[in-house]
Number of protein chains: 6
Amino acid sequence: MKVSVRNKIPGTIKEIKKGEVVAEIIVKSGDIEVISVITKDAAEELGLKVGDKVTALIKSTSVMIQK
Amino acid sequence: MKVSVRNKIPGTIKEIKKGEVVAEIIVKSGDIEVISVITKDAAEELGLKVGDKVTALIKSTSVMIQK
Amino acid sequence: MKVSVRNKIPGTIKEIKKGEVVAEIIVKSGDIEVISVITKDAAEELGLKVGDKVTALIKSTSVMIQK
Amino acid sequence: MKVSVRNKIPGTIKEIKKGEVVAEIIVKSGDIEVISVITKDAAEELGLKVGDKVTALIKSTSVMIQK
Amino acid sequence: MKVSVRNKIPGTIKEIKKGEVVAEIIVKSGDIEVISVITKDAAEELGLKVGDKVTALIKSTSVMIQK
Amino acid sequence: MKVSVRNKIPGTIKEIKKGEVVAEIIVKSGDIEVISVITKDAAEELGLKVGDKVTALIKSTSVMIQK
């Protein structure tokens, strides 16, 4: 299955912080860190844990540019 | 000035494609490409052009995780 | 591969409208239609065409409630 | 009043989970479930409760396609 | 009908720019301008035209803070 | 540094509510209030507190229109 999302940043989960509804996932990818907020249930359904190899996905319309 | 957006990916503009309303900006950042869709007017106000050093900004709530 | 996006609506592509930068994809799913705007390049990379079986994916933080 | 959002999925609230800042609303709509994350205050201002008839609203630019 | 979106900015349409797929709507609201990108079809379904009294709606999770 | 985000609403922080993962920031701007949900860490990195002069930033593709 392929997804229309074209921003795909591979990395390793460095940290997970769970609240009651949402969870913050910090992914280490080379020199950068990508921070994601997803629902806690989504994090648990994927069985996410520190050290997992994952890919951060970002829709192009969500990306802003700073110059 | 600092922005609450914590995902900041530095890179160089590789390609710009302008439509009537929106524009697609492709940013080369190390091994990855980050693709952004912003308004054409925003691209012109920033004077974006190929070769520019820029930073792609992404709000954490826009980032999904694939495992 | 699993994605953290929990809103998955299966359907069939009813219509595709391509602009220079973005494309509108209308997906028929039972009684409802789901309308997506993705980049034209994404639509072409996936080889989307009318009649295709697809799944519309929506991050929970993008969903609003009306009562 | 009409809203520019064209994705409207009618259903019934199946579950509400409230955190301190945000709340997760699960809406049953035919065979599918639509999961929304809104602010807790928004959920309380609308007086949302299990069994309510509601409509999930999703902007087209938030919808991705998987094939 | 009430919507869970809590950011509501009333104003008057100052300008509309239509592309093939999306449209840019500029709303004058007191001293500020609010710029929206919606689908062209949505703009046409609402019959939007310059001078219309409208309300710009923004989900809280889409709002960033600069200090 | 300039950002491609064109919706910039200046105001003063009226209220901050922190959860474990995200925080709600209410900004008073003239007659309106703008409500933002960002990560708690972002709020703390910016050192946000009630009374701060800030600017709410909103990407055009996140803005909907009601008529």
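Readers should treat all values here as calculations from the given coordinates under stated rules, not as data from a laboratory. All values reported here derive from a predicted model rather than from experimental measurement. Cβ sites come from the backbone with ideal geometry, for glycine too, and all protein chains shown count toward neighbours.
3J(HN,Hα) couplings calculated from phi for the stretch F:7-23 with the Karplus curve 6.51 cos²θ - 1.76 cosθ + 1.60 (θ = phi - 60°) are, in sequence order, 8, 10, 10, x, x, 10, 5, 9, 7, 10, 10, 9, x, 6, 10, 10, 9 Hz; Gly and Pro show x. Residue F:13 sits among other residues whose Cβ lies under 14 Å from its own Cβ, and their net charge, with Lys and Arg +1 and Asp and Glu -1, is +2. Here the stretch B:1-37 and chain A have alpha carbon centers that stand 18 Å from each other. In this simple spin-label model, placing a label point 7 Å from the Cα along the Cα-to-Cβ direction at both residue C:1 and residue A:1 gives a separation of 1.2 nm. Think of the stretch A:12-56 as a dipole: +1 on every Lys or Arg Cβ, -1 on every Asp or Glu Cβ, centred on the Cα centre; then among A:25, A:36, A:51, A:51 lies furthest on the positive end. Computed over chain B with a Gaussian network model linking Cα atoms closer than 10 Å, the most mobile of B:34, B:54, B:22 is B:22.
Converting phi to 3J(HN,Hα) with the Karplus coefficients 6.51, -1.76 and 1.60 and the offset θ = phi - 60°, the stretch C:24-40 yields 9, 10, 9, 10, 8, 9, x, 7, 10, 10, 10, 10, 10, 10, 10, 6, 4 Hz in sequence order, with x at every glycine or proline.
Exceedance of the 26 Å cut-off in Cα-Cα distance is limited, within the set D:8/F:67; D:8/F:49; B:28/F:59; F:28/F:67; B:49/C:18, to D:8/F:49.
Amide H to amide H distances under 5 Å link residue A:5 with D:65, where only residues 5 or more positions off or on other chains count and H is placed in the peptide plane. Here each label is just a point 7 Å from Cα along the line to Cβ, and for residue E:16 and residue A:53 those points are 5.1 nm apart. Rounded to the nearest 20, the Cβ-based charge dipole of chain E about its Cα centre (Lys and Arg +1, Asp and Glu -1) stands at 340 debye.
Of the residues A:58, B:25, D:35, the one with the fewest other Cβ atoms within 10 Å heads the list, and the complete ranking is D:35, A:58, B:25. Sorted shortest first, the separations between the residue F:28 label point and its copies elsewhere in the assembly read 2.8, 4.5, 4.5, 5.1, 5.4 nm; each point sits 7 Å from Cα along the Cα-to-Cβ line.
In chain A, Cα pairs under 8 Å separated by at least six residues give a relative contact order of 39 percent. Per-residue ellipticity at 222 nm from helix content only, as computed over chain B with -39500 (n - 2.57) for each DSSP H run of at least four residues, stands at -2000 deg cm²/dmol.
Relative to the other identical copies, residue C:52 shows label-point distances of 2.7, 3.1, 3.1, 3.7, 4.3 nm, where the label point lies 7 Å from Cα along the Cβ direction and values run shortest first.
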